[in-house]
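Report on the following structure.
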Amino acid sequence: MDSIRMAKIRVVGGNQLNGELPISGAKNAALPLMIASLLTNEKLVLRNVPDLADVRQLKKILSNHGTKITSPTEDKSFQSAALSFETPTITDTCAPYDLVAAMRASFWVIGPLLAREHKARVSLPGGCAIGSRPVDYFINGLKALGAHIEIDEGYVVATAPGGLVGTMLRLPTPSVGATPTILMAATLARGTTTILNAAMEPEITNVADCLVAMGAKIKGIGTRKLVIEGVKKLHGATIDVVPDRIEAGTFAMAVAMTGGDVLLRNAKSQHLQAALDVLQASGVDIVEESGGIRVRATGERLKAVDVEIDTFPGFPTDLQAQYMTLMTRANGTTKIKETIFENRFMHVAELTRFGAKIEIEGQGATVSGVKTLKGAQVMATDLRASVSLIIAGLVASGETIVSRVYHLDRGFERLEEKLSACGAKVERIND
């Protein structure tokens, strides 16, 4: 682990990106889909699963609960592999601190464990330090379903001796964590559950579609209102993990930043239309093709375009750092308002090392475009911020060294390999 944490990425700027970039399966869909396997004693096969640090960590957590994980296919191309998950019996309803602390999404196992075994003891979660992201929404949602919940020495202890019972509940905000957790729990509850103000991101729809394939009865998929009629048992299924819209948006901004012409294979425009609209407004050519989305720089300096972050279908918070990086070289001044997380401007200090001009006031950032960036030694502060520094390095003069790239490995599959295939000078180095 120490060698992984010591790894750095070296970038030499100045090269355009040209060619084709395959988009991997979405981490934010793969993780809850993997967790959904706990709801049945039959086999759930997921195709297009990305090979990421978070996925590997969740495998350990699921194995601790008794899940048998196998690889029915071996795919050595950029296309992500298929994995099979089978939990005949849940052998342990405790998700311990040493497994859960490294990744916030692992807390979501509480929903299926409670639904299937009527009890769960799950450590409070960890993850990127980008905001408080309280688990209150999860806890209150499960309480509404009839669970008794206590906090005991850093663990959430949940019990429902008679099983969960359907109810109507409204989420304070459309949480992408609480929505699938409560949704999964409700599939095995007695009666009907209605979730109001549900998250409607493509990854949530992917999970809901998977649950339906497993025998769940869900109405309103893709909307703010989900209605779930509980069933006694779910069965196995085979489902594809949706392409990663954040990876697609990240690569689109890298192409816009460096110039060039790249096909983002498998990307779906309807999953990131708000971001594509902003890129087009800034002067980037975006063309939808049968194989994905083509992003083409025009050669003209980009225009500054203001953005306000919002839940889907708005401009995603997970692309905020990348877009801010793009706007550091735009013509004019860009205002960016972050509305999802209260501490998601940590990358600003690192971007200024390149010569970027950015001012922060509360939840807003003002970016004054500059004509050139200079290579620098920088440090990744969280998952999405880490890739924004790579993007800056792609156009900065000279050499850029990005440390603490273990953040990057949590959400981007073979990033250096993919970018290098399109002409970038990017390599991983170990001290």
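Read the figures in this text as sums done on the coordinates, not as results from a lab. Because the structure is predicted, anything quoted here is derived from the model rather than measured. When we count neighbours, we look across all protein chains shown, and the Cβ atoms used for this are built from the backbone with ideal geometry, even at glycine.
Which of the aspartates and glutamates could a cross-linker span from Lys119 if the Cα-Cα distance has to be under 13 Å and same-chain partners fewer than 8 positions apart are dropped?
Cα-Cα hits under 13 Å: Asp92, Glu150.
In debye, nearest 20: dipole of the chain around its Cα centre with unit charges on the Cβ of K, R (+) and D, E (-)?
260 debye
Report the equivalent ellipsoid semi-axes for the range 191-283 in whole Å, largest first, defined as the square roots of five times the eigenvalues of the gyration tensor built from alpha carbon atoms.
Semi-axes, largest first: 35, 15, 7 Å.
In Å and on Cα atoms, what radius of gyration and Dmax does the range 286-341 show?
Cα-based Rg and Dmax for the range 286-341 come out at 13.1, 35 Å.
Please report the net charge: other residues with Cβ closer than 12 Å to the Cβ of Glu399, K and R +1, D and E -1.
That sum, taken over residues with Cβ under 12 Å, equals +3.
For the chain, what is the relative contact order in percent, using Cα pairs closer than 8 Å and at least 6 residues apart in sequence?
Relative CO of the chain lands at 21 percent.
Any chance you could get the radius of gyration and Dmax over the Cα atoms of the chain, in Å?
Computed over the Cα atoms of the chain, radius of gyration and Dmax are 21.5, 65 Å.
Can you sort Val370, Val11 by how many other beta carbons sit within 10 Å, fewest first?
Fewest-to-most ranking of Val370, Val11: Val370, Val11.
Mean residue ellipticity at 222 nm from the helices of the chain, using -39,500 (n - 2.57) per DSSP H segment of n ≥ 4 over the full residue count, to the nearest 500 deg cm²/dmol?
Result for the chain: -8500 deg cm²/dmol, rounded to the nearest 500.
Within a 10 angstrom radius of the beta carbon, how do Cys94, Cys422 rank from fewest other beta carbons to most?
The order, fewest Cβ neighbours first, is Cys94, Cys422.
Mind listing P(r) for the range 27-240? All alpha-carbon pairs, 10 Å bins, whole percents.
9, 38, 40, 12, 1
Can you pull the Rg over Rh of the range 322-431, Cα-only, Kirkwood?
A ratio of 0.96.
What longest region of the chain stays clear of GluC sites (Glu not before Pro) that DSSP places outside H, G, I, E and B and that have at most 11 other Cβ atoms within 10 Å?
Maximal segment without exposed cleavage sites: 154-299.
Using a 10 Å cut-off around each Cβ, can you sort Thr311, Thr70, Thr250, Thr159 from fewest to most neighbouring Cβ atoms?
Listed from fewest to most nearby Cβ atoms, that is Thr70, Thr159, Thr311, Thr250.
By how many nm would the segment from Thr91 to Asp306 lengthen if fully extended, with 0.36 nm per residue of separation less the alpha-carbon distance?
Here the answer is 72.3 nm.
Contact order normalised by length for the range 27-240, with contacts defined as Cα pairs under 8 Å and 6 or more residues apart; what percent is it?
It rounds to 20 percent for the range 27-240.
With viscosity set to 1.306 mPa s at 10 °C, what whole-number translational diffusion coefficient in µm²/s follows for the range 80-186 from Stokes-Einstein and a Kirkwood radius over Cα pairs?
For these conditions, the coefficient is 111 µm²/s.
With +1 on the Cβ of every Lys and Arg and -1 on the Cβ of every Asp and Glu, and nothing else charged, how large is the dipole of the range 27-240 about its Cα centre, in debye rounded to the nearest 20?
460 debye
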